[in-house]
Every structure is written in structure tokens, then in C-alpha cells.
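The values are calculated or read from the model by the stated rules, or taken from the named source; none is laboratory data. Here the structure is a predicted model, which is why all the values come from computation and not from measurement. Cβ atoms come from the backbone with ideal geometry, glycine included; neighbour counts cover every protein chain shown.
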Amino acid sequence: MLAWFFETCQTFSPADYTLVILGLIVVLFLVYDLLQKRHPILHNFPLVGHLRYLFIKIGPEIRQYLIASNREEAPFNRSEREWIERSADGENNYFGFGTDDQIYGVGYPIIKNAAIPYGETGFTGSKHDKKQETPCAKVFGEFHKRRKPYRASSIVNISGMSFGSLSAPAITALNKGALATKCYHNTGEGGASPYHRQGADIMYQIGTGKFGCRNPDGTFSIERLVKLCQDVPQIRTIEIKFSQGAKPGKGGVLPGKKVTAEIAAIRGVEEGVDCISPNRHQEFTTVHEFIDFVEKIAEATGLPVGIKAAIGKTDFYEELAQEMARTGKGIDFFTVDGGEGGTGAAPLTFADHVSLPFKLGFARIYKIFAQAGLADKILFIGAGKLGFPDRAIVAMAMGCDIIHVAREAMLSIGCIQAQKCHTDHCPTGIATHNKWLIRGLDPELQSKRLVRYIESFRNEIMAATQAAGYSHPGQFTMEDIELSAGPGKFSTLKEVFGYTKVPVPLTT
């Protein structure tokens, strides 16, 4: 038998050998499937079972490109992605033949236009320059008289995304784009990496792990923070992160195998050892201790200091506002992150159910500080799927002074919403450190796409602002926006959320 087999093999062509090898591989897989007990479908129906798992794997792509309608996908639907992509490419980002959105759907916002829009008289039309920065109406640190107050040149800025979560080319593209559009760039909790230092102004984020400003034992080091601010003069504000929308109240772990020498040096941790972010700060447990922590940082660095938080229970913030009103000390700004999630990977329960969505969370925080007489004393920053003109305007009508964008900025530099951020297999090279994948991301080219997106974003905000009769989006009031509760049931933001935005004086 064996002699016959070897004799027959000698007559095989290369193609025959290929078929034999493939056949043997198929047989081996079939034998394995029949012997394994973990997946009954593979044991009973190997071929059908493998097809099922293949379709599950490519299901998001099938729905995204073949099945889902323009407004159906989440977190960003096709129309939203197209607007960002067309803007980033410098193409026509208009949409024809009327809206296909559900204008009577619950929560649908309507921006009320003025009978006579703001603008120049005569036939010149609007003189708003697409490259105009549209500065923030307030100044960071002005109320508390910090030594280095900061006026942001743009109402639209880049939210916190760490080097580690994002690749080096992605961070570089974001920072260079921020520099060109005079935005500031939030570092995220992973420290001020070299890729965050391409020239743009920086909001330095201090997370629970104190990465970049910690002692070897993980405790906070004011000396390291002061030195960092001296070494990186682009750092203009400091943000203490309580929590983020993706996973509020939950720490994280960067596995030791991913803690390279470069990341270890940036974060101030040991190479090859698990890099742990606790779920809370160790430096304070009370409002008084927190205010002392803020004032210690502000005094040592001279910089404005604020909070970033996804909102759930509000007792801490109520006491904070009362103590700030009593003492004149405390935060210079408050970044409210929506529970809609963000760039961070998270357990499903945290992504879906922990912390309030942006509008609810922001309304509760703003009311707390307004009742304490502080709404016009500190800056309010909004984050959580606000990277579109209508959402930014709603946020500013509610009291936001600045908008942070993260995922929308990622989409502008090439993200395709593959939702592989947590796998290290991001196909665009943005949320991965796979060398083969990141080589396709050109920081110079993608930074220009970010510039065009930011410019288009701000330009449409200003166009809608002028249509409403204003010269700056900070002038929007809560009566200027109505939300749908179904056909014939529209209510103003004031009626829905039960407070009045404190007017913001426009200063030069």
C-alpha cells in the first residue's frame, strides 16, 4: 500500500501536491472539530459552524457598508461620518434634497434662526473667515488670579487621548493639526509624550495613575510636575481626571508586555511591568483635601487647574461649589464628559449604563455652580459626541464655553469606526502599536485633514450663530434651542432642564 502511494506521488504535478496538502489540512481541521467539545456547532456541523463565526466576525463591516441606513448606525452613523470625511478631505460637505433625519424624534434639537441674521449690510454677505479661530469668551484662571491665565484661541479643541491608547503617528497628526488651527491638545492621562509636543498648546491631564508626575511608588510628585511644566512650556492648563465617559469609576491596566521602554519613560513606570491606573485618586478623600490639592498645583505651576468627570452622584460637587463660594479657592474649569463613552475601551456595563449622558450630566453640574454664584467665574467644557455643529451649539446654549472632540478627530485622520480599539488590530493604525499597521498612517497628511475638519466645524458653528442673530456662539441662550418630544411637542432647553444660562460677556 505504501509502495503504491509513494509510486503514485512521483507522478504528481506541483498543482497536485498543493491539492493534497490542502486536503490534508481540511481533514485535520475536520478531525479537530469533531474531537473538540467547546463549541457544539463546530462539532456537529463543522462547515456551517465556521461560516457562522466568519459572519459574526465581519458582521460590523457588512452592516456598515451594505445594510445600515444613513442614520441607523452607532456610535456614529453614515451621514455623520460622511460629513466629517468630506470636511477633512476638503470636499463638498453639503447634503441635498432635504433632511432624512427624524425631525419629530424625541430629543431632536431645533436651532431657532433670527428674522434678521447677524452680518454685514449691503451685498458682501457674511464676512466670517473659514480659518478664523473663534476664541473662547472666558479666560482660564482669571477669577482665581492665577499667575499664568490662558485664553484659548479656539472654542473647539482636542480631547484627552493618551499615547499608548493611540499610536505615535496618530498623536503627532492630532498635535500638528491642533497647532495649525490654534487649538489646544489634551494629553490624556498617559503623560506628555514627545508626540504631544509638536508645538500646539497643551492641556496636561493628571489621571489616577499620576503618569508623568509620579514618584517610583506611584504617589504624586509636585516636583516632577513643576519640572515637566518648565520643560514643556506648551502646557497651559492642568486637568485632574476624576473619571471618563467610557468607564467612569473604573481603573485600567496596560499589560506589562505593552509597556515599552518609551512608554515607561513617558509615564514614569517600570518597563515590562503592568501599568495600573487606580479607580480613584489617593491624594484626597474630601472636598477640603481636593481644594488643597488644586491650590497646591496652581501655586507651584502658576497654571489654571480644573476637573474632568463623567457625572453620576453630585454630592461631592455640591459641597465643592459651596466651599468655593465661601473661600474663593478651587477649580478654574470643569470638563463634563458624557456617559456616551469615548475612545477608551470599557466593559459593556460601564459603556452602556454607568454615568449620565452629556446633556443630563452637564445640566446638573451647571445648576450646582450657578446656584453658588460661580457659573460666570469658571469655564465649562463639554465632551461626549459633540463634534458636530448642532451638538456643539446645543452644548454652548446650555452653558459650555469650549467643546472637546476625540472620536470625531480620530475619524478626521482616517478612523473608519472598525471598533477594534481594544484589540490592538486597528486597521487604520490609529489605535494600535502594530508596526505593520501604523506605517500606513502619514502624520503630515492626516494633520492637514484634521485642520480641514476643525475649520469646517468652526465655520458651520459660526454660520448657524449668525443665522440666529449672534456674533459669537457663547451668546446662544437656552430659549434659542427647542427639543422635540414628539409631533407638536417641542420645549426649550430652559423648560426641559429647569435652569437659565448665565450670560457670558464677550471680552477682547
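Report whether or not ARG63 is surrounded by 15 or more Cβ atoms within 10 Å (Cβ to Cβ), of a type in the set (Lys, Arg) and either assigned to a helix (DSSP H, G or I) or modelled with pLDDT of 65 or more (or both).
Here the answer is no, as ARG63 does not meet what is asked.
Identify the residue in the range 258-275 that is out of contact with any helix residue (DSSP H, G or I) (no Cβ under 9 Å at 6 or more places or on another chain) and small (Gly, Ala, Ser) and, among all such residues, is surrounded by the most Cβ atoms within 10 Å (Cβ to Cβ).
Among residues in the range 258-275 that are out of contact with any helix residue (DSSP H, G or I) (no Cβ under 9 Å at 6 or more places or on another chain) and small (Gly, Ala, Ser), the one surrounded by the most Cβ atoms within 10 Å (Cβ to Cβ) is ALA264.
Quick check on my filter: what residues within the range 198-230 are under 18 Å from PHE242 (Cβ atoms), crowded, with 23+ Cβ neighbours inside 10 Å and among the β-branched types (Val, Ile, Thr)?
Answer for the range 198-230, where residues must be under 18 Å from PHE242 (Cβ atoms), crowded, with 23+ Cβ neighbours inside 10 Å and among the β-branched types (Val, Ile, Thr): just ILE206.
Suppose we filter ALA178, ALA200, ALA173, ALA168 for residues that are aliphatic (A, V, I, L, M) and touching a Cys at 6+ places or on another chain (Cβ under 7 Å); which single one remains?
Unique residue meeting the criteria: ALA200.
Please work out if GLU283 is part of a loop (DSSP other than H, G, I, E, B) and surrounded by 15 or more Cβ atoms within 10 Å (Cβ to Cβ).
Answer is yes for this residue.
Please indicate, with yes or no, whether at least one residue in the range 480-493 is in a helix (DSSP H, G or I) and hydrophobic (A, V, I, L, M, F, W, C). Walk me through how you get there before you give the answer.
Residues of the range 480-493 in a helix (DSSP H, G or I): 493.
If we keep only those that are hydrophobic (A, V, I, L, M, F, W, C) too, we end up with 493.
Yes, the conditions are met somewhere in the range 480-493.
Which helices (runs of 4 or more DSSP H) sit wholly inside the range 341-450 and have at least 2 residues that are small (Gly, Ala, Ser), more than 22 Å from LYS176 (Cβ to Cβ) and at pLDDT 85 or above?
Ranges flagged: 358-371, 389-398.
Kindly provide the set of residues from the range 171-216 that are polar (S, T, N, Q), more than 25 Å from GLN132 (Cβ to Cβ) and part of a loop (DSSP other than H, G, I, E, B), ordered by number.
Let us first name the residues in the range 171-216 that are polar (S, T, N, Q), namely 172, 175, 181, 186-187, 193, 198, 205, 208, 215.
Next cut, more than 25 Å from GLN132 (Cβ to Cβ) only: 172, 187, 193, 205, 208, 215.
Answer for the range 171-216, where residues must be polar (S, T, N, Q), more than 25 Å from GLN132 (Cβ to Cβ) and part of a loop (DSSP other than H, G, I, E, B): THR187, SER193, THR208, ASN215.
Scan the range 212-223 residue by residue and report those that are in contact with a Gly (Cβ under 9 Å, 6 or more places away or on another chain) and closer than 15 Å to PHE293 by Cβ.
Within the range 212-223, CYS213, ARG214, SER221 qualify.
Restricting the range 421-432 to residues that are surrounded by 18 or more Cβ atoms within 10 Å (Cβ to Cβ) and out of contact with any strand residue (DSSP E or B) (no Cβ under 8 Å at 6 or more places or on another chain), which is nearest to LEU166 (Cα to Cα)? Give the steps one after another, and end with the answer.
To start, the set of residues in the range 421-432 that are surrounded by 18 or more Cβ atoms within 10 Å (Cβ to Cβ) comprises 421, 426, 428-432.
So of that shortlist, the ones also out of contact with any strand residue (DSSP E or B) (no Cβ under 8 Å at 6 or more places or on another chain) come out as 421, 426, 428-429, 432.
On the way: CYS421: 9, CYS426: 10, THR428: 11, GLY429: 9, THR432: 6 Å.
By that ranking, first place goes to THR432.
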